[in-house]
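Here is the structure we will look at, set down as structure tokens.
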Amino acid sequence: PISTANHKMSQLAGECRKKKAKNMIRKLIIAVIATSASGFTPPISTALLRQQYRLFSSSDKHDLDSSALIGSFDPMNLADGIDDSSSPSIHRAAAIAAATAALVSSPLAANAAGPDWGVFEGRTGSLLHPISMFGMAALSASTALLGFQWRRQRTIGDEISALKKIIPNLNGASSVSEALAAAEGAETVDSGYIATLKSALSIESQINDLTIERKELASQGNRDKHFNQGSLLLFIGIAFAIEGPLNTYARAGKLFPGPHLYAGAGLVVLWALAASMVPAMQKGSDTARTVHIGANLAGIGLFVWQISTGIPILLKVIEFTKWP
């Protein structure tokens, strides 16, 4: 039953679209006929125009003698035999008025008119782009910091493993200090082993410090914060990167290609490139991580440069716009 209902609804929608198309075609045909009908009417002589003027200016409009017509240039006598009560100009004016009414009532004419953007054209809408971009610049720096902290948390384990390989055999002891105490209290003192354990105390201290740092980083949740802020940056950044040119077009009716616009487009491309590396990064690809980091660092560099090129534009917006 559900599939049958969906099929009927699709049929009704198709019929509605066909009816709208037919109505549009009818209106266009009427408009073409109305505007081209004047090409088949005879020209109006100046005499007839003067007669119509006298009809409206004379005190006695019904007793106008045809001899009052003044001769005019009409070598083919096209004006002869024209009914004064129904002149072509009146018919043509009525036809054009009807065609205009039909076009005005159609969606085509409604779409042809420029929209009224309201607040979006004023200073309020114009300041949305620069304010959001300043916020996105700060968010980019914060997201990059979180990314490096997550990278540090992920790679610190490799450093700990490398240091543990340097530590000598502890003979069952849990730490270097404990093994050193046991070696010094043994009946047979091995001075070389004791010296090796003493040199390993600093390595053990480094391992302990790195372990504490890893625990602190893990407690901060940098991985999730980096992912969430990066997703927010990608969405809001692209949205307001598009809003800026749209607002410019709404106010000025055109765009102004230049370094600021081109760099902004390049920044959006770098964001997309960095985001596209995430699936491969989750699979452990070091190449994808390198591309991700490089694209984001290049994006931050473009962002800083964009601020210097955007401030003059911001000053012009403030100068030529009004609240709201």
**Report entry** Spin-label pair Ala173/Ile212, simplified geometry with 7 Å Cα→Cβ offset, distance in nm
**Finding:** 2.1 nm
Query - trypsin sites (Lys or Arg not before Pro) restricted to region 287-324 and DSSP loop, no more than 11 other C-beta within 10 Å - result: Lys322
Report summary line: Phi-derived 3J(HN,Hα) across region 135-146 with the Karplus relation (6.51, -1.76, 1.60, θ = phi - 60°), rounded Hz, x for Gly and Pro, is x, 5, 5, 5, 5, 5, 5, 5, 5, 5, 4, 4
Report task. Compute the Rg/Rh shape ratio of region 172-324: radius of gyration over Kirkwood radius, all on alpha-carbon atoms. Result -> 1.34
Query raised in the report: Got a sec to turn the phi values of region 267-276 into Karplus ³J(HN,Hα) couplings, 6.51 cos²θ - 1.76 cosθ + 1.60 with θ = phi - 60°, whole Hz, x for Gly and Pro?
Result: 5, 5, 5, 5, 4, 5, 5, 4, 5, 6
Report task. Could you run the Karplus curve 6.51 cos²θ - 1.76 cosθ + 1.60 with θ = phi - 60° over region 202-216 and give me ³J(HN,Hα) per residue in whole Hz, x for Gly and Pro? Result -> 5, 5, 5, 5, 4, 5, 5, 5, 5, 5, 5, 4, 5, 5, 5
Report summary line: Distance in nm between Ser202 and Thr290 label points, each 7 Å along Cα→Cβ, equals 3.3 nm
Query raised in the report: Taking the Cα atoms of region 155-259, what is the range of coordinates along each of the three principal axes, in descending order and whole Å?
Result: 94, 27, 14
Query raised in the report: Tell me, in nm to one decimal, what length is gained between Ala265 and Leu315 on full extension, where the rule is 0.36 nm per residue of separation less the Cα-Cα distance?
Result: 15.8 nm
Query raised in the report: What FRET efficiency comes out for the pair Val189/Leu163, r = Cβ-Cβ distance, R0 = 35 Å, nearest 0.05?
Result: 0.85
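Roughly how big is region 162-270's charge dipole about its Cα centre, with Cβ charges of +1 (Lys, Arg) and -1 (Asp, Glu), in debye to the nearest 20? Could the numbers behind the result be given before it?
On the way: 9 positive and 10 negative charges, 183 e Å.
It works out to roughly 880 debye.
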Report task. Write out the trypsin sites (Lys or Arg not before Pro) in region 132-218 meeting two conditions: DSSP loop, and at most 14 other Cβ atoms within 10 Å of their Cβ. Result -> none
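Pulled fully out, how much extra length does the chain show between Phe134 and Ala252, if you take 0.36 nm times their separation in residues and subtract their Cα-Cα distance? If you can, show how the numbers build up before the last one.
Values: separation 118, 0.36 × 118 = 42.48 nm, distance 2.33 nm.
Length difference between fully extended and current span is 40.2 nm.
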Query raised in the report: So how far apart, in nm, are the two label points at Arg123 and Ala298 if each is 7 Å from Cα heading toward Cβ?
Result: 3.9 nm
Query raised in the report: What relative contact order, as a whole-number percentage, does region 177-324 give when Cα pairs under 8 Å and 6 or more residues apart are counted?
Result: 15 percent
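A short reminder: the numbers here are calculations on the coordinates, not readings from a lab. What you see is a predicted model; the values in this text were computed from it and never measured. With ideal geometry, Cβ positions are generated from the backbone for all residues, glycine too; neighbour counts draw on all protein chains shown.
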